[in-house]
1. So is Ile127 part of a helix (DSSP H, G or I), under 16 Å from Ala207 (Cβ atoms) and open to solvent by 10 Å² or more (accessible area, probe 1.4 Å) or not?
2. Closer than 18 Å to Lys19 by Cβ, part of a helix (DSSP H, G or I) and either open to solvent by less than 40 Å² (accessible area, probe 1.4 Å) or at pLDDT below 90 (or both): does that describe Glu257?
3. Taking the condition modelled with pLDDT of 90 or more, aliphatic (A, V, I, L, M) and out of contact with any strand residue (DSSP E or B) (no Cβ under 6 Å at 6 or more places or on another chain), does Leu139 pass?
4. Within segment 49-61, is there a residue that is closer than 30 Å to Ala261 by Cα, crowded, with 19+ Cβ neighbours inside 10 Å and modelled with pLDDT of 70 or more?
5. I want to confirm something. Restricting to segment 68-112 and keeping residues that are of a type in the set (D, E, K, R) and modelled with pLDDT under 70, which single residue is surrounded by the most Cβ atoms within 10 Å (Cβ to Cβ)?
6. Which pairs have Cβ atoms under 8 Å, sit 6 or more apart or on different chains, and link a residue in segment 185-197 that is under 13 Å from Gly43 (Cβ atoms) to one that is surrounded by fewer than 18 Cβ atoms within 10 Å (Cβ to Cβ) and among the β-branched types (Val, Ile, Thr)?
7. Would you check which residues across segment 220-234 are open to solvent by less than 10 Å² (accessible area, probe 1.4 Å) and part of a helix (DSSP H, G or I) and list them?
8. Of everything in segment 190-200, what is open to solvent by 40 Å² or more (accessible area, probe 1.4 Å) and in contact with a Gly (Cβ under 9 Å, 6 or more places away or on another chain)? Give them in sequence order.
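The values are calculated or read from the model by the stated rules, or taken from the named source; none is laboratory data. What you see is a predicted model; the values in this text were computed from it and never measured. So basically every Cβ, Gly included, is an ideal-geometry build from the backbone, and we count neighbours across all protein chains shown. With ligands, DNA and RNA removed, areas are computed over all heavy atoms of the protein, side chains included. Shrake-Rupley method; radii C 1.70, N 1.55, O 1.52, S 1.80 Å.
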Amino acid sequence: MAGGAILRTGNGGNDYPGKMTLFVFLACLVASSGGLIFGYDIGISGGVTSMDGFLVKFFPSVYRQEKEDASTNQYCRFDSQLLTAFTSSLYLAALIASFFASTVTRAFGRKWSMFGGGITFLVGAAINGAAESVLMLLLGRILLGVGVGFASQSVPLYLSEMAPANLRGMLNIGFQLMITIGILAANLINYATSKIKGGWGWRISLALAAVPAAIITLGSLLLPDTPNSLVERGHGERARLMLRRIRGTADIHDEYEDIMAACEESRAIEHPWSTILRRRYRPQLTMAVLIPFFQQVTGINVIMFYAPVLFKTVGFGDDASLMSAVVSGLVNMLSTFVSIATVDRVGRRKLFLQGGVQMFISQAILGTMIAIKFGTSGTATGLSKSYANGMLLFICTYTAAFAWSWGPLGWLVPSEIFPLEIRPAGQAITVSVNMLFTFVVAQAFLAALCHLKFGLFYLFAAWVAVMTVFVAFFLPETKNVPIEEMILVWQRHWFWGKFIAD
């Protein structure tokens with residue numbers, strides 16, 4: 001069976017306590033707010049780069065190109081490597097930062113990694129809001145990237161370790177929910193600031209990134225450490241007390257023993273980066289690389305980064321393009337609740353597979369609609385309101401499918417599959433691969449749109465087909481499995497079991 005076995009029992013055949021305590025809920029809520037900084041940036045950069053005042057000040061050549069005669073090839077209106085460097089530089093910085101973050105996360109705990117990310121993002125927001133040159137813009141973006149790298153490395157780990165096994169999916173998806181809230185808030189702010197006379201509204205948009213940064217910075221100071229992290233750093237008795245508190249029961253012996261056993265193995269590992277390359281960790285390493293890679297080649301960040309630019313390109317006016325980005329952002333946020341409600345009941349695999357099919361169909365139809373209207377010349381006359389709304393509809397069906405499948409699960413699954421001894425290193429690989437291909441897609445998108453035209457959407461659809469087939473055959477179900485017993489899932493899988501000795 002391609003999906004492998006589904007396990008429900010803890011150590012010795014006894015279920016771990018699985019009730020939600022107020023303490024756990026509040027801790028996970030505060031920690032997941034780290035997603036706000038990631039989401040806000042994704043949403044804000046696309047809107048700002050479609051504002052005339054921003055383009056005139058920093059990218060005048062793009063502004064002139066955009067305002068040229070209407071016969072200009074629509075596919076190539078915004079093709080500027082400098083403009084895409086503004087957007088994508090953050091993700092290159094996040095890639096590098098995630099490796100440093102893994103060391104901080106392991107040595108000092110998950111909460112201090114979040115704190116460092118919040119502080120750095122705060123400084124970057126201030127520099128961007130006050131920017132007077134492209135150099136200042138890029139410096140601010142790099143600092144924002146360091147913040148995103150630290151938050152993305154530590155928050156999913158924190159959530160997976162704090163949550164009881166049967167609620168881990170729901171609580172971990174809080175990170176993705178906060179990303180979608182950040183995107184929606186950014187889209188609304190862009191819509192409002194674009195109305196400011198004088199063309200300086202972009203400064204408010206960029207500077208307001210300080211608000212989500214302040215939330216995670218202050219919030220992380222209030223967070224308790226996870227039992228797994230406390231044990232890993234030699235605080236066994238504190239870990240036992242914390243486990244009792246977050247599970248709301250004294251019956252924590254089995255789970256505590258599993259964490260202690262995992263920690264003993266972790267302490268024997270001096271070099272997690274070389275350890276993770278061993279054959280026995282091949283299944284987890286494969287997922288840590290391929291899941292974030294697939295998440296980016298769905299084309300979702302094309303929609304989110306460049307939604308206003310994309311909508312302008314396919315015929316929406318300035319206001320309409322920003323409003324359309326708000327609509328897709330709202331769909332993104334609301335659809336994430338579908339995943340929260342179902343992930344621990346129907347499982348990860350079914351959501352991955354259903355979302356993949358819906359995304360493939362939506363991308364294929366969207367590419368065809370653009371092909372019919374713009375052809376290969378990139379010029380179209382008389383784009384009707386109903387046609388434009390039809391395109392928006394399929395963007396929304398695509399966004400909805402991503403929001404309840406590959407969006408949240410792309411962060412959840414990698415964060416729950418690694419054993420403690422290589423967990424920070426594994427999460428660092430997940431984040432770095434995610435950021436690398438976010439950078440590549442963001443940097444290449446506008447040029448690819450110019451050269452591949454509507455074929456770009458078919459390319460993304462093809463990748464969606466590949467990754468859906470991959471999940472069907474190679475990803476086992478991980479719902480309700482205690483995080484320190486995840487090895488059993490891989491042992492029982494039809495393919496990965498041969499890599500793992502008993």
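1. Numbers: part of a helix (DSSP H, G or I): yes; under 16 Å from Ala207 (Cβ atoms): yes; open to solvent by 10 Å² or more (accessible area, probe 1.4 Å): yes.
So Ile127 passes the test.
2. Working: closer than 18 Å to Lys19 by Cβ: no; part of a helix (DSSP H, G or I): yes; either open to solvent by less than 40 Å² (accessible area, probe 1.4 Å) or at pLDDT below 90 (or both): yes.
The answer is no for Glu257.
3. On the way: modelled with pLDDT of 90 or more: yes; aliphatic (A, V, I, L, M): yes; out of contact with any strand residue (DSSP E or B) (no Cβ under 6 Å at 6 or more places or on another chain): yes.
Here the answer is yes, as Leu139 does meet what is asked.
4. Initial filter on segment 49-61 (closer than 30 Å to Ala261 by Cα): none.
No, every residue in segment 49-61 fails to be closer than 30 Å to Ala261 by Cα, crowded, with 19+ Cβ neighbours inside 10 Å and modelled with pLDDT of 70 or more.
5. Step one: of segment 68-112, the residues of a type in the set (D, E, K, R) are 68-69, 77, 79, 106, 110-111.
If we keep only those that are modelled with pLDDT under 70 too, we end up with 68-69, 77, 79.
On the way: Glu68: 9, Asp69: 5, Arg77: 20, Asp79: 18.
Checking each candidate, the answer is Arg77.
6. Ile189/Ile204; Thr193/Ile204
7. Ser220, Pro227, Asn228, Ser229, Leu230, Val231
8. Of segment 190-200, the ones open to solvent by 40 Å² or more (accessible area, probe 1.4 Å) are 191-192, 194-198, 200.
Result: Tyr191, Ala192, Ser194, Lys195, Ile196, Gly198, Trp200.
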